């Protein structure tokens with residue numbers, strides 16, 4: 001009998017085809033249709049699909065795809081809402097439109113008009129009865145008010161509601177009249193209405209009791225409309241009042257009372273009724289600013305005080321001069337007048353040469369000298385001085401015209417610093433003036449211990465080109481530097497030089513003058529020879545000159561051993577006239593001894 005593998009392969013199988021079966025031990029034949037008649041064919045469907053019938057007519061189950069908006073959840077078909085995105089957009093609504101809502105766990109339709117009514121009134125009970133709401137007795141800034149804005153219900157705070165209209169949004173008003181009204185608050189924050197006529201009646205009643213403010217002045221002042229207009233100005237000190245018409249304006253008005261013991265000076269630009277530029281003690285002036293066809297003017301009407309004036313005004317001062325003029329200042333001197341009354345103060349006036357606007361400076365007291373500061377360099381000025389007392393002002397002096405020099409620049413760097421005549425306690429320094437910058441007026445000499453950066457000033461403002469730095473420690477290395485200075489400041493210090501003092505010698509115990517200065521010498525000319533006998537004879541000494549027999553000199557010159565115990569030196573003649581004393585001491589500062597006789601320098 002052949003095996004299954006030896007049988008021919010069937011090309012297709014039909015219901016009538018037969019297959020062998022064993023039935024009660026007997027081999028029988030059965031058709032394929034009869035064999036499979038009671039069996040269901042296999043169903044294959046993808047995950048997330050349903051089984052059903054899409055095809056027409058009878059047939060087996062077919063997979064059905066779950067569409068957008070539906071899903072399977074724990075074996076249940078549920079709506080996901082994902083299909084809403086495909087719905088058409090409603091551009092307008094009406095009361096008959098319906099929406100779906102859950103009511104008692106069941107879906108129901110709700111008319112849109114019903115929903116809008118519920119949202120608009122805050123509840124489902126129908127139109128709101130305003131009378132049923134609690135009554136508010138006051139409104140706060142943060143309280144909200146319902147408004148309709150572009151068809152949408154909104155809320156706005158009470159503060160913003162009141163501020164919503166600015167004054168520029170209001171309609172223009174006609175010319176003001178007595179019946180026009182203003183908002184006012186009387187005793188509370190409630191707004192009430194008040195007419196212009198009532199406000200005027202109130203203001204008119206206040207005029208009789210109005211008191212102009214009082215402003216006390218104690219220093220020189222420039223009048224200003226915002227500070228002094230409509231005020232009573234009480235001057236408690238002698239001072240100068242200057243006008244600034246641009247800040248005062250036409251119509252400016254104030255009263256000036258001089259309660260000081262000196263004069264109040266009216267600066268240039270104020271015209272007075274008396275022709276005098278001063279307001280005497282216990283006098284009053286009414287100042288008014290006016291613009292008219294003649295221009296701008298500040299007019300002072302002066303009213304005499306009750307104090308009787310028994311003296312006469314001073315005469316004209318003479319010999320106005322300026323002994324010193326710097327780029328930014330000038331010193332003035334003058335002689336008091338020999339006519340009229342004695343001056344108690346002076347008015348110094350100055351202006352740019354060729355102009356008409358004067359600047360006044362009041363100087364109280366009888367001093368006949370003054371310094372004007374704050375000037376501009378390389379500029380020509382006119383200066384005049386007027387004497388004053390309780391009776392008034394004298395004639396102005398003859399105008400003095402001066403020119404300030406150009407501004408100074410600081411001197412350049414000092415060069416050529418060198419050391420000579422080194423002793424145990426002193427070093428002689430010499431240097432050359434700077435080759436750049438403006439001329440020095442003096443020099444500053446500094447020293448420091450070698451290896452440190454802390455400088456000590458030995459002397460400043462000295463006029464010469466050499467000095468002896470004294471007071472140093474024996475056998476010690478020092479740094480020295482010199483810088484030039486003038487009115488503009490100090491120049492760059494010189495390059496430091498180094499020198500070491502010698503070891504300490506024996507201290508001087510006795511100095512006896514042998515050759516001392518005699519007669520008279522010309523200032524700054526040549527030098528003066530001096531010598532002394534020293535004990536012990538080998539102890540080095542130094543010489544100097546002083547204006548006092550009790551005050552040591554500012555600078556020293558190292559002495560030279562002439563022979564045996566005789567030490568001498570040549571000391572430069574002082575540049576300033578006066579009576580001088582010669583001094584000698586050990587280089588360690590021992591036994592300072594002044595020559596008992598003085599000499600003169602002329």
Checklist line | Total residues in region 394-423, condition closer than 30 Å to residue 540 by Cβ and either modelled with pLDDT under 90 or in contact with a helix residue (DSSP H, G or I) (Cβ under 7 Å, 6 or more places away or on another chain) (or both) | finding: 4
Next item on the list: Quick one: residue 337 ticks every box in (1) at pLDDT below 90; (2) buried (at least 20 other Cβ atoms within 10 Å of the Cβ); (3) more than 34 Å from the chain's Cα centre (by Cα) except a single one, so which number is it?
Entry: (2)
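Going through 549, 577, 558 one at a time, which residue ends up being at pLDDT below 95, more than 16 Å from residue 533 (Cβ to Cβ) and buried (at least 16 other Cβ atoms within 10 Å of the Cβ)? Before the answer, list the steps.
Values: 549 fails: buried (at least 16 other Cβ atoms within 10 Å of the Cβ); 577 fails: buried (at least 16 other Cβ atoms within 10 Å of the Cβ).
Only one candidate passes the filter, namely 558.
Sort through 392, 365, 374 and tell me the only one that's loosely packed, with under 14 Cβ neighbours inside 10 Å, under 26 Å from residue 337 (Cα atoms) and in the same structural domain as residue 328 (by TED's automatic domain parsing).
Selected residue: 365, the only one of 392, 365, 374 that is loosely packed, with under 14 Cβ neighbours inside 10 Å, under 26 Å from residue 337 (Cα atoms) and in the same structural domain as residue 328 (by TED's automatic domain parsing).
Okay, residues lined up against (1) touching a strand residue (DSSP E or B) at 6+ places or on another chain (Cβ under 6 Å); (2) modelled with pLDDT of 95 or more; (3) in a strand (DSSP E or B); (4) farther than 24 Å from residue 585 by Cβ:
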site: 425; (1), (2), (3), (4): no, no, no, no
site: 428; (1), (2), (3), (4): yes, no, yes, no
site: 435; (1), (2), (3), (4): no, no, no, yes
site: 440; (1), (2), (3), (4): yes, no, no, yes
site: 446; (1), (2), (3), (4): yes, yes, yes, no
site: 452; (1), (2), (3), (4): no, no, no, yes
Item checked: Subset of region 310-333 (residues that are surrounded by fewer than 16 Cβ atoms within 10 Å (Cβ to Cβ), modelled with pLDDT under 90 and within 21 Å of residue 396 (Cα to Cα)) -> 311, 312
Note to self: Please return the ranges of strands (runs of 3 or more DSSP E) entirely within region 476-594 where 3 or more residues are in contact (Cβ under 8 Å) with a residue 40 or more places away in the chain, within 22 Å of residue 423 (Cα to Cα) and over 53 Å from the mean Cα position of the chain (by Cα).
What the structure shows: 510-515, 527-535, 541-546, 566-572, 578-586
Margin query: Tally up the residues in region 260-279 that are out of contact with any strand residue (DSSP E or B) (no Cβ under 6 Å at 6 or more places or on another chain) and under 15 Å from residue 234 (Cβ atoms), please.
Written below: 1
Notebook entry, point to check: Across region 307-335, what is the number of residues that are in contact with a strand residue (DSSP E or B) (Cβ under 7 Å, 6 or more places away or on another chain) and in a loop (DSSP other than H, G, I, E, B)?
Noted result: 6
Note to self: Just the residues that are in a strand (DSSP E or B), at pLDDT below 90 and buried (at least 19 other Cβ atoms within 10 Å of the Cβ), please, taken from region 280-300.
What the structure shows: none
Item checked: region 217-247, residues that are within 16 Å of residue 290 (Cα to Cα), touching a residue at least 12 places away in the same chain (Cβ under 8 Å) and within 28 Å of the chain's Cα centre (by Cα) -> 223, 224, 225, 228, 244, 247
Note to self: With the condition being touching a residue at least 12 places away in the same chain (Cβ under 8 Å), more than 30 Å from residue 256 (Cα to Cα) and out of contact with any helix residue (DSSP H, G or I) (no Cβ under 8 Å at 6 or more places or on another chain), I'd like the strands (runs of 3 or more DSSP E) fully within region 129-214 carrying at least 3 qualifying residues.
What the structure shows: 191-195
Next item on the list: May I ask you to verify whether residue 413 is touching a strand residue (DSSP E or B) at 6+ places or on another chain (Cβ under 8 Å) and part of a strand (DSSP E or B)?
Entry: no
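The values are calculated or read from the model by the stated rules, or taken from the named source; none is laboratory data. Keep in mind that what you see is a predicted model, and the values were worked out from it rather than measured. Cβ: placed from backbone, ideal geometry, glycine included. Neighbour counts: every protein chain shown.
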